[in-house]
1. Please state the charge dipole magnitude for region 23-67, taken about the Cα centre, from unit charges on C-beta atoms (+1 on K and R, -1 on D and E), reported in debye and rounded to the nearest 20.
2. Calculate one ³J(HN,Hα) per residue across region 106-114 by plugging θ = phi - 60° into the Karplus curve 6.51 cos²θ - 1.76 cosθ + 1.60, and present them in order as whole Hz with x for glycine and proline.
3. Once the dipole of the chain is set up with Lys and Arg at +1 and Asp and Glu at -1 on Cβ about the Cα centre, which of Ala48, Gly9, Ser115 lies farthest towards its positive end?
4. Over the chain, what number does the Rg to Rh ratio reach, with both radii from the alpha-carbon atoms and Rh per Kirkwood?
5. Kindly report the accessible area of the chain per residue (heavy atoms of protein chains, probe 1.4 Å, no ligands, DNA or RNA), in Å².
6. Using a cut-off of 13 Å between beta-carbons, work out the net charge of the residues near Glu88 (Lys and Arg +1, Asp and Glu -1, Glu88 not included).
7. With both bridge residues required to lie in the chain, what share of the DSSP beta bridges run antiparallel, to the nearest 5%?
8. For the chain, modelled as a Gaussian network with Cα springs under 10 Å, which listed residue fluctuates most, Leu17, Leu85, Leu30?
Amino acid sequence: VQLVESGGGSVQAGSSLRLSCEASGIAFSLKTMRWYRQAPGKQRESVASINSSGGITNYADSVKGRFTISRDNAKNTMYLQMNSLKPEDTAVYYCSTSTGRIDYWGQGTQVTVSS
């Protein structure tokens with residue numbers, strides 16, 4: 001299983017970024033996928049999740065209304081559209097999925113938002 005995130009960068013507050021997570025080695029279209037983030041000195045936290053069909057999504061309160069999770073099962077890829085970015089969104093963003101026994105993680109992509 002391989003999860004590869006991309007799309008991070010350094011932006012100013014109020015800007016937008018779109019993260020991608022390309023998956024291989026798993027039955028992507030059958031899996032719930034998740035985005036997490038970890039800021040310096042803080043615990044990793046859940047950002048958003050999306051079910052296998054894309055019809056059910058959930059968000060952390062801190063990103064509701066600003067972030068949108070989506071997926072393209074034909075491309076084995078999940079996305080996180082991040083709008084109105086704030087300095088407190090600065091973190092390494094990880095995509096993740098699980099078989100139930102094993103959790104899989106990507107290497108992460110850095111998002112830095114300056115004020």
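The values are calculated or read from the model by the stated rules, or taken from the named source; none is laboratory data. Not measured: the values here are computed from a predicted model. Cβ placement follows ideal geometry from the backbone for every residue including glycine, while neighbour counts extend to all protein chains displayed. Heads up: the accessible areas ignore ligands, DNA and RNA and are worked out on the full protein's heavy atoms, side chains in. Shrake-Rupley method; radii C 1.70, N 1.55, O 1.52, S 1.80 Å.
1. About 100 debye.
2. Karplus-based 3J(HN,Hα) across region 106-114 equals x, 7, x, 9, 7, 10, 10, 10, 9 Hz.
3. Ala48
4. Result: Rg/Rh = 0.95.
5. Values: 6050 Å² over 115 residues.
Value returned for the chain: 53 Å² of accessible area per residue.
6. Details: positive: Arg37, Lys42, Arg66, Lys86; negative: Glu45, Asp61, Asp89.
Net charge around Glu88: +1.
7. Counting DSSP beta bridges with both partners in the chain, the antiparallel share is about 90 percent.
8. Between Leu17, Leu85, Leu30, it is Leu30 that shows the largest mean-square fluctuation.
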